[in-house]
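Everything below concerns the one structure shown next.
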There are 2 protein chains.
Amino acid sequence: METSPRPAIVTTIADLRWAVGAARKDQKRIGFVPTMGALHEGHLSLVRASQAECQYTVVSIYVNPAQFGPKEDFARYPRTLQADLEKLAGVGADLAFCPSDAEVYPVGFSTWVEVEGVAEPLEGQCRPGHFRGVATVVLKLLNMVQPDVAYFGQKDYQQALVIRRMVADLNVPVEVRVCPTVREPDGLAMSSRNSYLSPQGRQKALVLWKSLQLAAELVRQAERDAATIIARMRQTILTVEDAQIDYIALVDPETLAPVEKITAPVLAALAIRIEGTRLIDNCLLEP
Amino acid sequence: METSPRPAIVTTIADLRWAVGAARKDQKRIGFVPTMGALHEGHLSLVRASQAECQYTVVSIYVNPAQFGPKEDFARYPRTLQADLEKLAGVGADLAFCPSDAEVYPVGFSTWVEVEGVAEPLEGQCRPGHFRGVATVVLKLLNMVQPDVAYFGQKDYQQALVIRRMVADLNVPVEVRVCPTVREPDGLAMSSRNSYLSPQGRQKALVLWKSLQLAAELVRQAERDAATIIARMRQTILTVEDAQIDYIALVDPETLAPVEKITAPVLAALAIRIEGTRLIDNCLLEP
């Protein structure tokens, strides 16, 4: 008897539901990792987290046009399907769902999920419509797969909060897990967009992590004034020629409201453009 | 052994899921009828439709504040829980879900479902935010109950279209059925809001159905000009002293776009205020 190759690959919702339905009938717990492909160790850590508590892991690979602004990088976003499938085979994911745009957004599509509150500051302010696109496609994917558990990375901290909010508010029957950011040995947060950087840009990009480490160190040294910490982070970022700051913020980890005095854990979050590539990172600061 | 009384009544999502989960484990097909209570034969026809193809029927009774405008009748909307439960017992519904506002919209709630296109004209124009509230609560209820089939009445024709659109667009795993409008012997469409009418108003309200019948008759007589038909319907409505017209429209039954020449089935739809009570009705006209 042959074993089927892993991952099995499906491109239609009907085939996806058939495959997941069969696994569910076998009493398997279904884990789901939604991705836009260009997979790196961050994504693979989510697949491993799923495998640790589920018997069947579905990974979607879909570059969602609805979450890109008109002037953003949708057209040039890295698409590396063959390499992605090999990586998924390497970690033993069970099913790859690779739908077309027509399968996800057929003609006549006209329903959107809007999250207020946590979706509004930071990325929400810099990228109008971004979280509408994210919330909508994630809800669609959750309804297509109907997993028991879905996995997201802390690197996209605000996205994870928006999805938690949506899942709670809309009573979606799924457990949401948020897994730690995976970093390169030198500290750079893994991101599919790192591939846009030149070797020099790649070096410059280290400044995000450096400024987050500085913030953590200042808090360890009992600095409690957010404005002071943000000013020091800004100084650090601006040591890099041509770095552009979208935001540097210290916020409440649950509400994302700005914090002035640090009396409880706060989230340091930043979005910086290096060589025109927009990079984000974040870190929890514990006083 | 005692049989449990029917319907069983639950007020929390946890108890709802427990009861429905037990029915699902018994391989029962789950039917769901969402209502705002003040049940009449229209609602009961949906329960019967569910019972004809499902082995377990859930009816929700919840007056959804999010679908009422600030100047609408949320506060005075009829609430007749005991009578409703007796009616559900009479038809043998299995489970009544009667949640509190805090259960449906806990503190911090901030996610909304927006349907564009079919939600915009007619009721959408007269009642801004109405369909946002409807789509959001129906998606929530569908996620709470996770039925195989959900039942809606054709009396709220546009609502049914909005829900079909949302279910398709968001890939909600449920079948949507739309059942015929149930009418009083004299033709008045059953509506919980009919109870607002005085005996005189109740008589006046017949003019909605009369004008729809006139439209059907004109089409039978080969009238193909929508403006002519609408003018005759308007004349009929205005025979009633103090009737106020929100809209009278002949529209495409799928898109709700206005129709000028009748060459295919069209939907005649109207919203009329009688004694300040807003009544809607509709009818498919087939040339």
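Computed from the coordinates by the stated procedures, all read-outs in this text should not be read as laboratory data. Computed from a predicted structure; not experimentally measured. Don't worry about glycine lacking a Cβ; one is built from the backbone with ideal geometry, like all the others, and counts go over all protein chains shown.
Quick look at the numbers
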read-out: Two-decimal ratio, the protein assembly as shown, of alpha-carbon radius of gyration to 2.2 N^0.38 Å; value: 1.12
read-out: Peptide-level mean, for B:169-177, of C-beta atoms on other protein chains within 10 Å; value: 5
read-out: Exposure proxy ranking, count of Cβ atoms within 10 Å, fewest first, for A:24, A:273; value: A:273, A:24
read-out: Averaged over B:118-124, number of beta-carbon atoms from partner chains that fall within 10 Å; value: 1
read-out: Estimated vicinal HN-Hα couplings, Hz - the range A:65-76 in sequence order (Karplus 6.51, -1.76, 1.60; Gly, Pro = x); value: x, 5, 9, 9, x, x, 9, 8, 9, 4, 5, 9
read-out: The protein assembly as shown: antiparallel DSSP beta bridges as a percent of all, rounded to 5; value: 55 percent
read-out: Over chain B: helical MRE at 222 nm, DSSP H runs n ≥ 4 each giving -39500 (n - 2.57), nearest 500; value: -11000 deg cm²/dmol
read-out: Sorted peptide list for B:212-224, A:209-221, criterion being average Cβ within 10 angstrom, highest first; value: A:209-221, B:212-224
read-out: Contact order relative to length of chain A, as percent, for alpha carbon pairs under 8 angstrom and 6 or more apart; value: 17 percent
read-out: In sequence order, calculated HN-Hα J values of the range A:160-169 (Karplus, 6.51, -1.76, 1.60; Hz; x Gly/Pro); value: 4, 5, 4, 6, 4, 4, 4, 4, 5, 5
read-out: Too-long pairs where the Cα-Cα distance tops 29 Å, listed order kept, from A:71/A:261; B:155/B:261; A:25/B:87; B:25/B:140; A:140/A:210; value: A:71/A:261; A:25/B:87; A:140/A:210
read-out: Paramagnetic reach from residue A:238 in the range A:209-232 [backbone N under 12 Å; point 7 Å along Cα→Cβ]; value: A:231-232
read-out: Amide proton proximity set for residue B:190, modelled H, under 5 Å, gap of 5+; value: B:182, B:183, B:184
read-out: Which of B:228, B:111 has the fewest Cβ neighbours within 10 Å, and the rest in rising order; value: B:228, B:111
read-out: Inter-centroid distance (Cα atoms) of the range B:111-162 relative to the range B:259-283, Å; value: 18 Å
read-out: Approximate spin-label separation residue A:184-residue B:168, in nm, with each point projected 7 Å along Cα-to-Cβ; value: 4.7 nm
read-out: Order of A:247, A:157, B:196 - criterion: other Cβ atoms within 10 Å of each residue's Cβ, fewest first; value: A:247, B:196, A:157
read-out: Centre separation in Å (Cα based) which lies between the range A:59-82 and the range B:206-231; value: 51 Å
read-out: Label geometry 7 Å along the beta-carbon vector: residue B:41 inter-copy distances in nm; value: 7.1
